[in-house]
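Comments concern the structure below.
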Amino acid sequence: MKANYRSWVQLLIAVIATLFGLTLVGIALFLPPRGEIDPTVLTAYGETLTFVGALIGIDYHYREKGPKGPAAL
């Protein structure tokens with residue numbers, strides 16, 4: 001039960017972060033100069049997605065496959 005709740009929370013955070021990033025990109029389209037997305041907005045969005053993806057990927061790796069390393073040998 002706890003693992004299922006945690007998965008939903010992680011998915012919700014990932015969706016919120018993605019929507020926030022898309023909102024930033026959308027707002028940037030209407031700021032001067034119109035139609036040009038500032039490189040800082042794209043950088044912030046890319047870093048946000050990378051961070052969220054890394055957190056979800058790391059958790060998935062350890063939840064599904066378990067830790068690996070010298071102690072696991």
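Only the coordinates and a few stated rules stand behind these numbers; no lab work does. Remember, predicted model here, so these are calculated numbers, not experimental data. Reconstructed Cβ throughout: ideal geometry from the backbone, glycine too, with neighbour counts over all protein chains shown.
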Legend entry - FRET E, pair residue 44, residue 12, Förster distance 35 Å, beta-carbon r, rounded to 0.05: 0.95
Inset, instruction - Starting at the first residue of segment 11-28, write each ³J(HN,Hα) from the Karplus equation 6.51 cos²θ - 1.76 cosθ + 1.60 with θ = phi - 60°, in whole Hz, x for Gly and Pro. - result: 5, 4, 5, 5, 5, 4, 5, 5, 5, 4, x, 5, 5, 4, 5, x, 5, 4
Legend entry - Spacing of the two label points (7 Å from each Cα toward its C-beta) at residue 56 and residue 23, in nm: 1.8 nm
